[in-house]
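> My questions all concern the structure below.
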Amino acid sequence: AQKVTQAQTEISVVEKEDVTLDCVYETRDTTYYLFWYKQPPSGELVFLIRRNSFDEQNEISGRYSWNFQKSTSSFNFTITASQVVDSAVYFCALSGYNQGGKLIFGQGTELSVKP
Amino acid sequence: DTEVTQTPKHLVMGMTNKKSLKCEQHMGHRAMYWYKQKAKKPPELMFVYSYEKLSINESVPSRFSPECPNSSLLNLHLHALQPEDSALYLCASSQESGQGYGYTFGSGTRLTVV
């Protein structure tokens, strides 16, 4: 069975603070893909990153960075110097290679960045 | 064109009505998806179409009827819905199903059943 756990339901920070969103996953697939999406109040899901199970390199994109560790089945997301515009619900998601395209989402973390 | 377009953005329908949700993409993607998202919950997969054929139906009630008329269009026909079906319905597409291709989501249709 596949499962994604985002233990943090809500996080509130003050602007310019760094914040890390945790994601832990379970899968029996040896080939799988991990994603992070941002969902602002308007509702659309905005793609942030995709990582395959064979690529454990960490990635940085501007103020965003991701830490993928297969040993702990974690794919954590850090926002550096948070801004009010970062306020949204963030979903971590998992897709197995032979799962027909099914994307399994975590419960989401609602991030509130206050000025 | 790198978008998935969903219409309408908002829909209010009675329990005896028949309505349809429409989704369109022109990225040449061969997999299209319907997800349902209740408030404060993650999206849940309903259907997957791969090369215009239904490949996954997540035990969705028959009052939801998907249709894929061509590789760019995906419809969701609604009939005799219940108030608990009120939700955000999201369409997505990817180059192929499986194999980890990135998913592009539309902005959704907010459905209210009265």
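> Given H placed on each backbone N at 1.01 Å, which residues far from A:GLN8 in sequence or on other chains put an amide H within less than 5 Å of it?
Amide H neighbours of A:GLN8, under 5 Å, 5+ apart: A:ASP22.
> Among B:LYS36, A:LYS16, rank each residue by its count of other Cβ atoms within 10 Å, from fewest to most, as a rough exposure measure.
A:LYS16, B:LYS36
> To the nearest 20 Debye, how big is the dipole of chain B about its Cα centre, given +1 on the beta carbon of each Lys and Arg and -1 on that of each Asp and Glu?
Around 380 debye, computed over chain B.
> Please get the size of the charge dipole for chain A, origin at its Cα centre, with Cβ charges of +1 on Lys and Arg and -1 on Asp and Glu, quoted in debye to the nearest 20.
260 debye
> Taking H placed 1.01 Å from N in the peptide plane, check which residues at least 5 places from B:ALA80 or on another chain put their amide H under 5 Å from its amide H.
B:ASN17
> Still on this model: Grab the beta carbon distance between B:GLU84 and A:ASN58, set R0 = 45 Å, and tell me the FRET efficiency rounded to 0.05.
Approximately 0.60, to the nearest 0.05.
> Kindly work out what percent of the DSSP beta bridges joining two residues of chain A are antiparallel, to the nearest 5.
Just about 90 percent of them are antiparallel.
> From the backbone phi of segment B:63-72, what are the Karplus-calculated ³J(HN,Hα) couplings (6.51 cos²θ - 1.76 cosθ + 1.60, θ = phi - 60°) in whole Hz, Gly and Pro given as x?
For segment B:63-72, the Karplus-derived couplings read 5, 9, 10, x, 8, 10, x, 7, 5, 9 Hz, x marking Gly and Pro.
> Can you give the net charge of the other residues whose Cβ lies under 14 Å from the Cβ of A:THR27, counting K and R as +1 and D and E as -1?
+3
> Something else now. Going by C-beta contacts inside 10 Å, put A:LEU34, B:LEU45 in order with the fewest on the left.
B:LEU45, A:LEU34
> Extending each Cα 7 Å along its Cβ direction at B:SER59 and A:VAL24, get the distance between those two points in nm, one decimal.
Rounded to a tenth, the inter-label distance reads 2.6 nm.
> Let me ask another. So, how do all the Cα-to-Cα distances of segment B:1-106 break down into 5 Å bins, in percent, from 0 on up?
Result, from short to long distances: 2, 13, 25, 26, 19, 10, 4, 1, 0 percent.
> Taking H as built 1.01 Å from N, whose amide H comes closer than 5 Å to the amide H of B:MET46, not counting residues under 5 places away?
B:TRP34, B:TYR35, B:LYS36
Readers should treat all values here as calculations from the given coordinates under stated rules, not as data from a laboratory. Treat the numbers as computed from the prediction; the structure is a model and nothing was measured. As a convention, Cβ positions derive from the backbone with ideal geometry for all residues, glycine included, and neighbour counts pool all protein chains shown.
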